[in-house]
Amino acid sequence: MANGSTSHYPAAPAAQGIESHTLCVLVDNEPGVLARVIGLFSGRGYNIDSLTVSETEHEKHLSRITIVTRGTPMVIEQIKNQLERLVPIHRVIDMTVSGPAIQRELAMVKVRGKGDDRVEALRLADAFRARVIDAGPESFVFEITGASDKIESFVALMLPIGLVEVSRTGVVAIQRGPEGM
């Protein structure tokens with residue numbers, strides 16, 4: 001064959017890259033809805049990188065689920081289509097492609113340290129605009145809010161200083177502009 005291949009079949013299309021997408025899902029706030037959404041992901045082998053859920057419209061009994069997941073463009077499209085078919089779901093928006101959106105996460109980061117490590121932890125916290133929400137003679141708990149990569153950078157810098165544990169909320173997202181979901 002001219003291209004040096006031993007196969008008689010045309011080359012498969014180039015593999016699509018894996019992308020991270022943030023999906024916001026408006027659902028009825030009733031028992032079992034979250035389990036159904038999670039069941040869709042687990043039943044099809046899709047992974048969830050981040051998950052947040054909260055009631056957003058009390059009078060209408062609506063909740064907003066924000067899911068960060070990864071996949072090829074085809075897999076992401078399948079996820080959105082399958083979510084839209086679930087009965088208690090009112091709307092699915094892919095914040096990654098729907099237009100300008102703001103995404104944030106909150107984390108609490110516990111760091112142990114004395115002496116120079118303690119001073120360095122406070123210096124880094126100031127640089128990252130993290131707040132001290134608890135302080136003891138040998139440890140701090142910092143609160144940091146921002147994009148996920150900012151939080152990951154802060155945690156990575158705290159690791160050699162004396163990182164003890166991290167608790168993260170997961171990503172929340174909202175579109176810019178006057179329109180609602």
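The values are calculated or read from the model by the stated rules, or taken from the named source; none is laboratory data. Not measured: the values here are computed from a predicted model. Cβ atoms come from the backbone with ideal geometry, glycine included; neighbour counts cover every protein chain shown.
Looking only at strands (runs of 3 or more DSSP E) that fall completely inside the range 67-181, which ones have 1 or more residues that are on the phi > 0 side of the Ramachandran plot and not assigned by TED's automatic domain parsing to the domain that holds E55?
139-146
Regarding S50, is this residue touching a strand residue (DSSP E or B) at 6+ places or on another chain (Cβ under 8 Å) and surrounded by fewer than 14 Cβ atoms within 10 Å (Cβ to Cβ)?
no
Name the residues in the range 83-130 that are polar (S, T, N, Q) and either crowded, with 17+ Cβ neighbours inside 10 Å or without any contact (Cβ under 8 Å) to a residue 12 or more places away in the chain (or both), would you?
Hit for the range 83-130 is Q103, nothing else.
Write out, first by first residue and then by second, each pair whose Cβ atoms fall under 8 Å of each other, whose residues are 6+ apart or on separate chains, and whose first residue, in the range 147-162, is charged (D, E, K, R) while the second is surrounded by 13 or more Cβ atoms within 10 Å (Cβ to Cβ).
Every condition considered, the pairs that remain are K150/F128; K150/I144.
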